[in-house]
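Beneath this line is the structure, given in structure tokens, with notes to follow.
Taken together, the values in this text are just the output of simple stated rules run on the coordinates, not laboratory data. What you see is a predicted model; the values in this text were computed from it and never measured. FYI the Cβ positions are ideal-geometry reconstructions off the backbone, even for glycines, and counts take in every protein chain you see.
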Amino acid sequence: MSRVVIIGGSGHIGTYLVPRLMEAGYEVVNVTRGHRAPYLPNAVWRDVETVIADREKEDADGTFGGRIRALKPDIVIDMICFTQKSAEQIVEALRGRIRHFLHVGSIWVHGPSVATPTTEAQRRTPFGAYGLGKAAIEAYLLDQALRNGFPATISHPGHLVGPGWHPLNPAGHFNSAVFETIARGDELALPNFGMETIHHVHADDVAQLFMKAIASPSTSVGEAFHTVSPAALTLRGYAEAMYAWFGREPKLKFLPWAEWEAKQTSAKEAADTLEHITHSPCHSIAKAERLLGFAPRYSSLEGIYEAVNWLIDKGQIRVA
């Protein structure tokens with residue numbers, strides 16, 4: 001039985017990935033800070049070994065890589081690595097000791113899209129601390145795979161959706177009051193012409209890609225894969241679909257950026273929107289389809305509908 005250690009396995013992706021691994025016969029160890037339970041219940045979690053660790057502190061102490069090595073994994077899946085220094089520490093600790101290392105990156109390693117849908121081979125122009133950090137980790141891990149034989153695979157997810165998660169909304173931020181506005185049939189203002197794009201992915205489809213990568217190391221090691229739904233959404237198209245889903249006629253207005261920004265309820269919402277529309281991701285999954293047989297179960301809208309339904313059921317989105 002292969003032993004899989006997941007760093008940060010109690011989060012959104014882990015909620016789906018851990019049960020998939022357990023049902024496939026893997027022995028699973030979840031390394032977590034202990035602050036979060038899985039988003040959805042599943043009886044298999046009773047048989048998952050849990051290790052409590054503060055990665056940030058142990059990275060600073062230089063002990064985290066050794067802690068993971070001591071768990072004697074065959075496969076390591078790293079959900080919560082955000083700096084190259086952190087990646088270097090764990091690679092040095094695990095070099096020559098594991099069969100496969102899988103890292104969660106981000107589609108923001110690309111920066112703004114140029115030719116769409118963007119492929120993994122296109123030139124990177126990342127910006128912002130998160131995108132730059134993830135791009136540096138990707139470059140380091142792929143170099144280690146090429147030059148030193150370290151068995152790394154990278155998944156670059158889009159904007160996560162599914163039960164338990166507040167989805168990125170049609171205004172490009174995370175305030176779920178936007179869905180309440182749409183459900184009432186009230187007017188929703190969008191920046192510019194609403195033609196910027198966002199690209200979601202259901203967390204279970206990210207889990208699916210990891211399972212396929214683990215099952216096919218000969219084609220996944222040394223590679224990075226976009227992990228998104230089959231198609232991105234424009235803000236306008238997303239908003240119109242949500243009005244229709246709630247049984248309302250679309251009621252949209254479009255404002256120049258400065259005017260739209262001034263009308264937002266918080267600076268954070270405006271900053272989130274600016275970051276998303278400046279990236280305007282629209283990414284290809286052709287490589288993952290070809291090499292791994294990746295076949296997303298959810299379109300962007302299907303994943304969003306499921307997430308919004310969950311929030312309505314929990315009373316976090318109030319609709320008539």
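Please name whichever of His276, His103, Leu301 sits farthest to the positive end of the charge dipole of the chain, dipole taken about the Cα centre and charges placed at Cβ: Lys and Arg +1, Asp and Glu -1. It is His103.
Only beta bridges with both residues in the chain are counted; by DSSP, about 5 percent of them are antiparallel.
Helix 12-23 and the long axis of the chain differ in direction by around 50°, with both axes built from C-alpha atoms.
Using C-alpha pairs under 8 Å with a sequence gap of at least 6, the mean separation divided by the residue count of the chain gives a relative contact order of 19 percent. Angle of helix 84-94 to the longest C-alpha principal axis of the chain, folded into 0 to 90 degrees and rounded to 10: 30°. Summing Cβ point charges (Lys, Arg +1; Asp, Glu -1) relative to the Cα centre of the chain gives a dipole of roughly 460 debye. Note on the chain: helix-only mean residue ellipticity at 222 nm, from DSSP H runs of 4+ residues weighted -39500 (n - 2.57) and normalised by residue number, equals -12500 deg cm²/dmol. Going by a ≥ b ≥ c, the root eigenvalues of the Cα gyration tensor, does segment 270-320 fall in the rounded group (a/c under 1.5), the prolate group (a/b larger than b/c) or the oblate group? Because a/c hits 1.5 or more and a/b fails to exceed b/c, segment 270-320 counts as oblate. Positive end of the dipole of segment 1-108 (Cβ unit charges, origin at the Cα centre): among Gly65, Val5, Gln89, the Cα lying farthest that way belongs to Val5.
Annotation: amide H-H contacts under 5 Å for Gly11 (H modelled 1.01 Å from N, sequence separation of 5 or more, or interchain): none. Annotation for segment 149-223 versus segment 62-135: alpha-carbon center distance of 18 Å. For Cα extents along the principal axes in Å, several values are listed as (1) 58, 43, 39; (2) 53, 42, 37; (3) 85, 59, 34; flag the one computed from this structure. Given (1) 58, 43, 39; (2) 53, 42, 37; (3) 85, 59, 34, the structure-derived one carries the label (1). Rounded to the nearest 10 degrees, the angle from helix 235-245 to the longest Cα principal axis of the chain is 80 degrees.
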